[in-house]
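Student: First the structure, then my questions, so here it is.
The values are calculated or read from the model by the stated rules, or taken from the named source; none is laboratory data. Just so it is clear, the model here is predicted, and its values are computed rather than measured. A quick note on method: Cβ atoms are made from the backbone with ideal geometry, for glycine too, and the neighbour counts reach across all protein chains shown. When the accessible area is computed, the model is the full protein with side chains, heavy atoms only, and any ligands, DNA or RNA have been set aside. Shrake-Rupley method; radii C 1.70, N 1.55, O 1.52, S 1.80 Å.
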Amino acid sequence: MDATFFFDPVCPWTWRTSRWLVAVAQARGLTIEWRAFSLAILNDGEVPPEFAEAMAASGRVLRLVEALRAQGRHEDAGRLYTELGARSHDAGDPLGDRTVAAAVEAAGVTDAAPALDEERWDEAVRESHALSYASAGPDIGSPVLMVPDAGRGIHGPIITEVPGTEDALVIWDSMLPLLRLDTFHELKRARR
């Protein structure tokens, strides 16, 4: 894999960053491994009531992402996230069981859909989350990006708008050397 992207499907910032990474992967012929990052785990299960349905749906999707990863189906996991994000973040459908079912079908992963409701995948989600958190944490959230030959991952980059291909590649080409420097820690500016 050229990049490992840990994500929680409920996060709109993560969605934008994922679209940036997909554009980079297409332009450069990179492969992406899609892994679970759980905001519910990060927040010790404390979910405000207005986000309960979306967070529960997100948790189910993360089970399926890890089940697909265990089968080496990285492209399927990426396609699932694309279908889910297009519905929830782009089209504005609430993230819930109906949206998840539609995304699973559109992504062509109905054969693996039982994993959505199999609690045995919760341990794989916890392990994936722990790996990403250990790589880039503490004090991080979704997404986390890891690349080969880098000692640690990073939280982000946080993208406010999905850039065009040229700008997407500038971000990637600027970020990659920094990721591989053990002395690099953080770049940050406030969101607008």
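Student: At 0.36 nm per residue, and after removing the present C-alpha to C-alpha distance, how many nm does the segment from Met1 to Leu181 gain when stretched out fully? Could the numbers behind the result be given before it?
Tutor: On the way: separation 180, 0.36 × 180 = 64.80 nm, distance 1.94 nm.
Value of the extension gain: 62.9 nm.
Student: What 222 nm value per residue comes from the helices of the chain, counting each DSSP H run with n ≥ 4 as -39,500 (n - 2.57) and dividing by all residues, nearest 500 deg cm²/dmol? Don't jump to the answer; show the numbers that get you there.
Tutor: Numbers: 7 runs with 93 residues, N = 192.
The helix contribution divided over the chain gives -15500 deg cm²/dmol.
Student: Leaving out ligands and nucleic acids, note down the accessible area per residue over the chain with a 1.4 angstrom probe, in whole Å². The partial results should precede the final answer.
Tutor: On the way: 9970 Å² over 192 residues.
Value for the chain: 52 Å² per residue.
Student: Here is a follow-up. Using a 1.4 angstrom probe on heavy atoms only, work out the carbon and sulfur share of the accessible area of segment 1-63 in %.
Tutor: On the way: 1360 of 2580 Å².
With neighbouring chains kept in place, the figure for segment 1-63 is 53 percent.
Student: I want the local charge near Leu68. Using Cβ-Cβ distances under 14 Å, sum +1 for each Lys or Arg and -1 for each Asp or Glu among the other residues.
Tutor: -1
Student: A further question on this structure: Return the long-range amide H neighbours of Ile159 (sequence gap of 5 or more, or a different chain), with a cut-off of under 5 Å between placed amide H atoms.
Tutor: Thr17
Student: Can you tell me which of 135-145, 180-190 comes out highest on packing, and rank the rest after it, using the mean Cβ neighbours within 10 Å? The partial results should precede the final answer.
Tutor: Numbers: 135-145: 19.2, 180-190: 9.3.
The packing order, highest mean first, is 135-145, 180-190.
Student: Taking the chain as the region of interest, what is the percent of Cα-Cα pairs per 5 angstrom bin, listed from the shortest bin to the one with the maximum distance?
Tutor: Each 5 Å bin holds this share of Cα pairs: 1, 8, 17, 22, 22, 16, 9, 4, 1, 0.
Student: In whole percent, what relative contact order does the chain give with Cα contacts below 8 Å and a gap of six or more residues? Spell out each step's value before the answer.
Tutor: Numbers: 287 pairs, mean separation 57.1, N = 192.
Rounded, it is 30 percent for the chain.
Student: Now a separate question. Report the extension gain between Gln71 and Glu166 in nm, rounded to one decimal, defined as 0.36 nm multiplied by the number of residues separating them, less their alpha carbon distance. Walk me through the numbers before you get to the answer.
Tutor: Working: separation 95, 0.36 × 95 = 34.20 nm, distance 3.35 nm.
Extra length from Gln71 to Glu166 when fully extended: 30.8 nm.
Student: Does segment 1-45 come out rounded, prolate or oblate by the C-alpha gyration tensor, with a ≥ b ≥ c the root eigenvalues, rounded set by a/c under 1.5 and, if not, prolate when a/b is larger than b/c and oblate if not? Could the numbers behind the result be given before it?
Tutor: Working: a/c = 4.97, a/b = 2.03, b/c = 2.44.
Oblate, because a/c is 1.5 or more while a/b does not exceed b/c.
Student: Rounded, prolate or oblate: which one fits segment 32-111, using the alpha carbon gyration tensor with axes a ≥ b ≥ c (rounded when a/c is under 1.5, else prolate when a/b beats b/c, else oblate)? If you can, show how the numbers build up before the last one.
Tutor: On the way: a/c = 2.12, a/b = 1.29, b/c = 1.65.
Oblate is the answer for segment 32-111, as a/c is 1.5 or above yet b/c matches or exceeds a/b.
Student: Right, next: Using the Karplus curve 6.51 cos²θ - 1.76 cosθ + 1.60 with θ = phi - 60°, work out ³J(HN,Hα) for each residue of segment 77-85 in order, rounded to whole Hz, and write x for Gly and Pro.
Tutor: 5, x, 5, 4, 5, 4, 5, 5, x
Student: Also, quick follow-up: Among bridges DSSP assigns within the chain, what percent are antiparallel (round to 5)? Spell out each step's value before the answer.
Tutor: Values: 5 of 10 bridges.
Roughly 50 percent of the DSSP beta bridges within the chain come out antiparallel.
Student: Here is a further query. Let me know the shape class of segment 83-167, please: from the alpha-carbon gyration tensor, a ≥ b ≥ c as square roots of the eigenvalues, rounded when a/c is under 1.5, otherwise prolate if a/b is greater than b/c, or oblate.
Tutor: Numbers: a/c = 2.19, a/b = 1.24, b/c = 1.76.
Oblate, since a/c reaches 1.5 and b/c is not below a/b.
Student: Further question on the same structure: For Ala130 paired with Arg189, estimate the spin-label separation in nm (one decimal), with each label point 7 Å from Cα along the Cα-to-Cβ line.
Tutor: Spacing of the two 7 Å Cα→Cβ label points: 3.9 nm.
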